[in-house]
Amino acid sequence: MSAYQDLSLQERMLLKFEAEEFLYNEADLLDSRRFDEWLNLLADDIHYWMPLRRTTQAKEVEKEFTAPGGMALFDDDKTILTMRIQRLAIGRAWAEDPPSRTRRLISNVRIDSIDEDELTVRSNFKLYRTRLNSEEDSWIGRREDTLRRSEGGFLLCRRHLFLEQTVILSQNLSSLF
Amino acid sequence: MSDALIATDKASVDVSGCFDMATGILDRRIFTDEEIYQEELKKIFGRAWNFVCHESQIPNPGDFMMNYIGEDEIIVVRDRQQSINVLLNSCPHRGNTVCRAELGNTKSFFCSYHGWNYDLDGRLIGMPGEDDFYRNNIDKKDWGLTPAAKVENYRGFYFATLDPEAPPLEEYLGWVGKVGIDFMLAEGDIEFLDGIHKNRLQCNWKLAVDNLYDWYHVKVSHGSAIKIGILDDAAMAPDNQMVILGEYGHGIGGPGISEEEQARYDARLASGEGEPQWYDRHAERRTSPETREMLGPVGTRSFGHPNIFPNLWIAQTNQVCLRIPRGPYETELWWFNFRRKGMSEDEQKFSAYMQNHMFGPAGVLEQDDGENWSHSTRGAKGTFSKTLPLNLSMGNKADQVSQDPSGQSCIETVINEHAQRWTYQSWQDWMAAENWPELMANHSQPPTGEV
């Protein structure tokens with residue numbers, strides 16, 4: 001068991017409150033298209049990863065996700081994430097021009113472990129998107145985040161995303177999760 | 001098997017005149033008409049050699065993966081004798097699917113409805129109540145899973161056709177299709193990686209095929225990717241384009257270099273002197289005599305995108321992509337990924353970086369492609385807009401096919417729409433022919449002289 005379980009109820013409530021505050025604020029920055037401010041919340045060594053998922057037989061469910069380092073929907077470092085954001089600002093990013101309207105719902109926040117200055121936090125998400133007049137997508141999944149304490153507050157240094165779709169049913173994943 | 005799996009009725013849709021090769025004018029109803037689409041499933045996907053897998057994806061007996069021929073689900077499975085079988089995923093008892101996983105390993109395919117059980121080659125092994133309920137009055141050998149009419153492979157790439165009259169795979173591919181596949185083998189043997197990027201677009205499958213030859217859209221569609229530096233503008237080579245057209249609609253289109261540039265490259269390579277050029281990254285992969293022999297003198301100089309008709313795009317990123325029809329307005333893209341055996345760790349990392357970041361639903365290139373193809377499909381739906389012609393005239397009657405003594409031929413020019421015109425012309429041939437003998441007799445031959 002992690003040290004987290006040994007903390008008092010009050011200490012756990014405080015930690016969970018801090019983590020939730022970070023996650024809700026971060027989601028709000030993306031929903032509000034304040035992408036540069038969102039980038040500032042990322043540690044320089046961030047790993048942002050969403051593996052591919054497949055339908056498998058029940059007896060082979062260990063094959064459901066592709067392995068780390070293999071094929072993935074996102075396998076981004078800060079450089080790639082910065083490029084994704086820059087792309088939106090410089091024009092001709094047609095999947096986001098006109099911009100999508102997005103709303104992120106973050107729930108079921110649980111702290112997994114604490115390790116010196118890092119917190120591992122699990123949460124569920126729903127990302128709802130509409131585009132133009134009639135396009136509608138939504139993605140549901142779970143996240144495993146690692147938040148690191150720094151002078152200005154938490155930084156996100158790991159985000160692993162597990163989507164509840166195999167074939168991606170939207171025509172792109174131009175939103176960030 | 002003697003009878004065609006797909007019986008085409010004689011009173012079929014007439015699409016002659018949908019595309020005019022002389023002017024490059026295209027009737028946009030071919031992207032939205034339900035009748036035309038149903039006919040495509042029979043006459044194109046039902047007859048063609050469809051890519052089903054690479055041998056390395058299912059290396060062991062019992063390994064299987066699901067795929068599609070048109071809209072029909074197929075199981076691709078390696079049996080105990082190491083043969084790769086292609087079976088329609090439909091139990092002959094009530095039609096239920098017998099395989100629901102996308103990939104895996106199994107001893108047999110067991111129908112979840114009543115328990116009919118099939119061996120890895122599709123043979124019906126048994127069912128509950130064979131004695132008691134059927135009173136041994138059923139001949140199991142007549143009721144196996146239906147196999148594809150033919151399964152053949154070219155250098156580890158497996159294809160299947162549902163039409164017993166189809167010519168042998170290598171004859172179907174011709175030199176153009178074979179060179180397209182050889183592009184992937186230019187540096188040696190390859191193995192496919194675990195994981196196929198799959199997503200669904202609201203576009204007609206032909207618009208996604210058309211686009212793979214399209215080097216005109218890059219600067220505009222992918223303007224943002226060029227600006228952030230992930231796509232090299234110079235390597236798009238708008239003034240150094242090479243188009244290769246093959247029988248039955250295969251083609252290769254995109255950057256290429258002239259014989260003179262190839263000679264300059266070879267001289268630079270030998271002397272170690274001179275400035276690097278945009279094409280070095282491609283050319284350096286094709287220096288061995290074996291590779292040049294495999295690709296031929298023209299194929300060696302082409303760095304474009306091959307398409308194996310109808311829907312297998314071979315990309316320059318260690319990937320192939322199937323454009324799988326899902327109705328007139330919907331297409332699934334499946335990005336298969338591979339690596340060369342013996343790649344260094346750095347090379348593998350770079351390859352995976354490209355595979356995960358350029359194409360696929362989150363790819364910085366393909367996000368914008370999907371948007372354009374879907375809206376082009378939408379533009380073919382309006383009651384009035386669908387009656388308006390589309391213009392595919394770029395470079396029409398402006399270029400020459402040059403014939404190499406080796407028998408290979410190509411068009412060397414600037415950005416153009418030759419390969420798209422060839423695709424629609426060939427599509428029309430496929431749709432006009434009632435069967436393979438007619439298609440073999442009447443299909444357009446790759447052009448010579450002025451194009």
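Readers should treat all values here as calculations from the given coordinates under stated rules, not as data from a laboratory. Just so it is clear, the model here is predicted, and its values are computed rather than measured. Cβ coordinates were reconstructed from backbone atoms using ideal geometry, including for glycine residues, and neighbour counts include every protein chain displayed.
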Based on the alpha-carbon gyration tensor of the stretch B:317-359, what equivalent-ellipsoid semi-axes (square roots of 5 times the eigenvalues) come out, in whole Å, largest first? 28, 10, 4
Which whole-number percentage describes the relative contact order of chain B, with Cα contacts under 8 Å and a sequence gap of 6 or more? 21 percent
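Which whole number gives the average count of other chain Cβ atoms within 10 Å of the Cβ atoms across peptide B:370-381? Walk me through the numbers before you get to the answer.
On the way: counts 6, 11, 2, 1, 3, 2, 0, 0, 0, 0, 0, 0.
The per-residue average across the peptide is 2.
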Looking at chain A as a GNM with Cα springs under 10 Å, which of A:86, A:165, A:57 has the largest mean-square fluctuation? A:57
If you line up the long axis of helix A:9-31 against the longest principal axis of chain A, both from Cα atoms, how many degrees apart are they, to the nearest 10? 10 degrees
Counting C-alpha atoms alone, how compact is chain A: give Rg to one decimal and Dmax as a whole number, in angstrom. 17.0, 52
Of the candidates A:65, A:35, A:162, which one comes out as most mobile in a Gaussian network treatment of chain A with C-alpha springs shorter than 10 Å? A:65
How large are Rg and Dmax for the stretch A:104-177 when only the alpha carbon atoms are used, in Å? 14.8, 48
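Hey, could you get me the Stokes-Einstein D for the stretch B:1-111, Kirkwood radius over alpha-carbon pairs, 10 °C and 1.306 mPa s, rounded to whole µm² s⁻¹? Walk me through the numbers on the way to the answer.
Working: Rh = 16.6 Å.
Calculated translational D: 96 µm²/s.
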Measuring from the longest principal axis of the C-alpha atoms of chain A, the long axis of helix A:78-89 (C-alpha) lies at a number of degrees, nearest 10, equal to 40 degrees
Give me the distance between the Cα centres of the stretch B:187-252 and the stretch B:353-369, rounded to whole Å. 11 Å
0 to 90° range, to nearest 10: angle between helix B:289-299 axis and chain B longest Cα axis: 80 degrees
Length gained if residue A:5 through residue A:97 is fully extended, taking 0.36 nm per residue and subtracting the Cα-Cα distance, is 28.5 nm
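Divide, for the stretch A:65-119, the radius of gyration over alpha carbons by 2.2 N^0.38 Å, where N is the residue count. Before the final figure, lay out the partial values.
Values: Rg = 16.4 Å, N = 55, 2.2 N^0.38 = 10.1 Å.
Compactness ratio reported: 1.62.
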Reachable lysines from residue B:227, Cα under 30 Å, same-chain residues fewer than 8 places away excluded? A:78, B:198, B:206, B:219, B:349
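Normalised by the residues of the stretch A:3-163, what does the relative contact order come to in percent, with Cα pairs under 8 Å and at least six apart? Present the calculation step by step, with values, prior to reporting the outcome.
Numbers: 256 pairs, mean separation 37.4, N = 161.
That works out to 23 percent.
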State the percent of C-alpha pairs, over all pairs in the stretch B:233-367, separated by a distance greater than 18 angstrom. 64 percent
Can you tell me the Rg and the Dmax, both Å, for the Cα atoms in the protein assembly as shown? 26.3, 84
Using a 10 Å cut-off around each Cβ of peptide A:86-97, what is the average number of partner chain Cβ atoms that fall inside? 6
Dividing the alpha-carbon Rg of chain B by 2.2 N^0.38 Å yields what? 1.02
If you check each cysteine of chain B for another cysteine whose beta-carbon is under 4.7 Å away, which ones come up empty? B:18, B:53, B:99, B:203, B:321, B:410
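What is the ratio of the Cα radius of gyration of the stretch B:50-153 to 2.2 N^0.38 Å, where N is its residue count, to two decimals?
After normalising by residue count via 2.2 N^0.38 Å, the value is 1.06.
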